[in-house]
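Notes to accompany the following structure.
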Amino acid sequence: MIRLALLRHGHTHWNRAGRIQGRSDIPLDDEARADLAGFALPAPWDQADLWSSPLKRAVETAEIVAERQPQTAPALTEMFWGEWEGKHGLDLKADPNSGFRDIEHWGWDYRPRGGETPAEVWARIKPWVASLQRDTVAVCHIGIMRMILAQAYGWNFDGPAPFRIKRNRLFVVEIEGDTLTPIADPVRLTKRADAV
């Protein structure tokens, strides 16, 4: 059995403004860098393989909390939101003609205009998950975490999610063959002793 721990990247100025990022390569903001500097990976995760999305916000988060360079995997790149990248989610939600839907009404085949469906995202993540050889931390994006956790929980984007993704926590799944099993309680990052 292999364990995979998923960590969401720190905040960017787009996150704080409610803009959809997707594949847009937006870096962490200064507040996020300062916040992340106060955290570290807890044992035994500090000894696990370290991967991240190739996008700056994920790579930098990995470097700060692990104090080492991650390997990067294109499969961990955030879901592509097509024409909606850079737009405000609340504006799209307020426009009845936009096609925007809340996540609990997606299903696996929901496609943002010009973007990827959850099923397509999972199709590119699945081979990477299957390739893992030992316990691994993956610093990535909320969309990638949702796809992996949806598989683990058997959730089909149909109703409220059985998990709530928060920052500075590791969301762990156990991998045995093609079966993903969620560990219910996220693992908090460790506060550094020298953190202010």
Legend entry - region 156-172, subset closer than 17 Å to D185 by Cα and of a type outside the set (A, V, I, L, M), residue surrounded by the most Cβ atoms within 10 Å (Cβ to Cβ): F171
Inset, instruction - Could you grab the pairs with beta carbons closer than 6 Å, sequence gap of 6+ or different chains, first residue in region 166-186 and over 17 Å from A48 (Cβ atoms) and without any contact (Cβ under 8 Å) to a residue 60 or more places away in the chain, second one surrounded by fewer than 17 Cβ atoms within 10 Å (Cβ to Cβ) and of a type in the set (F, W, Y)? - result: P182/Y153
Legend entry - Only one of R16, R23 that is in a loop (DSSP other than H, G, I, E, B), open to solvent by 50 Å² or more (accessible area, probe 1.4 Å) and farther than 18 Å from L170 by Cα: R23
Inset, instruction - Identify, from the list A43, A34, the residue that is of a type in the set (A, V, I, L, M, F, W, C), under 26 Å from S131 (Cβ atoms) and surrounded by fewer than 21 Cβ atoms within 10 Å (Cβ to Cβ). - result: A43
Inset, instruction - Tell me which residues, restricted to region 118-149, are open to solvent by 10 Å² or more (accessible area, probe 1.4 Å), part of a loop (DSSP other than H, G, I, E, B) and not basic (K, R). - result: L132, Q133, D135
Legend entry - Pairs, first without any contact (Cβ under 8 Å) to a residue 60 or more places away in the chain and under 16 Å from D35 (Cβ atoms) in region 58-74, second open to solvent by less than 80 Å² (accessible area, probe 1.4 Å) and small (G, A, S), C-beta under 7 Å, six or more apart: I64/A37
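The values are calculated or read from the model by the stated rules, or taken from the named source; none is laboratory data. The structure presented is a predicted model; accordingly, all values stated were derived computationally and were not measured. Heads up, the Cβs are rebuilt from the backbone with ideal geometry, glycines too, and the neighbour counts pull from every protein chain shown. For accessibility, only protein heavy atoms count, side chains too; no ligands or nucleic acids. Shrake-Rupley method; radii C 1.70, N 1.55, O 1.52, S 1.80 Å.
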